[in-house]
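To keep things clear, I will list the structure first and then write my remarks on it.
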Amino acid sequence: MLPLKIPTLDSVHAAQQRLSPWIRRTPVIRSAQRMAWLKLENLQYTGAYKVRGALNALLIQREIGDYRPIVAASAGNHGAGVAWAARQLGLQAIIAVPKNAPRNKIERMVALGAEVVLHGTDFDQCLVWAQRKSITQGWRFLHAFDDPDVIAGQGTVALELLKYKPEVVVVPIGGGGLAAGHALVLKEAGVRLVGAQIEGVDAMASALRGGPKRISPRPTVADSLRVRQAGSLTRVMCQGALESIVLVSEEATLEAMRSLAVQDGIRAEGAGAVAVAALEQVHGTRRIALVSGGNTDLKLGQSEHQHQRMRRVQHVG
């Protein structure tokens, strides 16, 4: 096995410079009822922070003259980020998505020009398919979280937080790319970092406490956090950098989604509300929670134009 290539704080600063002409600097707002601040990555292009890591990786790919098609596995937001980034750079994107993925996220990828392949019932099955295709077709495989360029891109969120002088930052964790990127920035700055996961969807927490590295995650509204195994690279980077991982219930996450909409006028998907739900268990004078995405499935029905787009989605496996 090749040694892990661990990104550095310098690579996060390089990513920030690389991304600055392309990416929104999303706002941080005060939530009075929570006595905390919220970083609104739900207002990022494609509705989630994932586009940062995807674009950083593809910009680096283009810098070295590599124009191969990109293949990725995604529960939705990474795929949309790859599709958006590939479209900006004139590259082809092929995204493997679970057959039960939210329709709105599949629609977003198709609308952004990606070729979407429905395969299996979870992220890990799509991951195997995408890795195999990268070998047989010669495509560039881009991991959703266990990639140093992706991690560096996600770390740019943390750089934008430093001017608010937080005492503690709370981030949602699925595979760990966002937390790993934040760890690079916040540990150096002396800021506490707390992860948030759903009970029963806690592969990173299980691995870091010495339990099974591979779990059977329960169904959850936070679909983009639902992985069987945290990344090898992200696990190494989060070990010792996270103060703790807070586990929240499905009910608390749903309530956080509701209160964000009603009290703050913020549209957050399940994964986007997990860090907000965790605030009740996190103490500090200046707390910031990351609202990581806003791609909720409103189930409002499909127009005929949407149906025509969905017919372009491949079903395999």
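The values are calculated or read from the model by the stated rules, or taken from the named source; none is laboratory data. All figures in this text were calculated on a predicted structure; none of them were measured in a lab. As a convention, Cβ positions derive from the backbone with ideal geometry for all residues, glycine included, and neighbour counts pool all protein chains shown. In case anyone asks, the SASA skips ligands and DNA or RNA and just uses the protein heavy atoms, side chains included. Shrake-Rupley method; radii C 1.70, N 1.55, O 1.52, S 1.80 Å.
Assorted remarks:
- The base-10 log of I(q)/I(0) for the stretch 194-233, evaluated at q = 0.21, 0.22, 0.32 Å⁻¹, reads -0.57, -0.63, -1.21 [Debye formula, identical scatterers on Cα atoms, solvent excluded].
- The chain: calculated mean residue ellipticity at 222 nm from DSSP helix runs of at least 4, using -39500 (n - 2.57): -12500 deg cm²/dmol
- Heavy-atom surface of the chain, accessible at 1.4 Å and reported per residue (Å²): 42 Å²
- Protection proxy ranking, highest mean first, for peptides 282-291, 210-219: 282-291, 210-219, where packing is the per-residue count of other beta-carbon atoms within 10 Å, averaged.
- Pairwise centroid distance, computed over Cα atoms, of the stretch 60-88 with the stretch 194-257, Å: 25 Å
- Prolate/oblate/rounded label for the stretch 66-110 (Cα gyration tensor, a/c 1.5): prolate
- Largest-first principal axis extents, alpha carbons of the stretch 226-297, Å: 38, 33, 18
- Gyration tensor verdict on the stretch 168-273 (Cα atoms; rounded if a/c is under 1.5, prolate if a/b is larger than b/c, oblate otherwise): oblate
- Accessible-area composition of the chain, carbon plus sulfur, in percent [1.4 Å probe]: 52 percent
- Amide H contacts under 5 Å for ALA144, placed H, 5+ residues apart: ALA73
- Packing order of peptides 201-209, 84-92, highest average first: 201-209, 84-92 (average count of other Cβ atoms within 10 Å over each peptide's residues).
- Ratio Rg/Rh [Cα only; Rh per Kirkwood] for the chain: 0.94
- Computing FRET efficiency as 1/(1 + (r/R0)^6) for MET35 and THR136, where r is the C-beta to C-beta distance and R0 is 41 Å, gives about 0.15.
- The SER216 and LYS165 beta-carbon pair, evaluated with R₀ = 51 Å, returns a calculated FRET efficiency of approximately 0.80.
- Rg to Rh, two decimals, where the stretch 119-196 supplies the alpha carbon set and Rh follows Kirkwood: 1.12
- Of the beta bridges in the chain, as assigned by DSSP with both residues counted there, near 20 percent are antiparallel.
- Cα lying deepest toward the dipole's positive end in the chain, options ILE215, MET35, HIS13, charges on Cβ: HIS13
- Average projection, convex hull of the Cα set of the stretch 96-141: 3.1 square nanometres.
- Stretchable slack from ARG62 to GLU188, in nm (0.36 nm times residue separation minus alpha-carbon distance): 42.4 nm
- Set the Cα radius of gyration of the stretch 172-216 against 2.2 N^0.38 Å, with N its number of residues, and you get 1.22.
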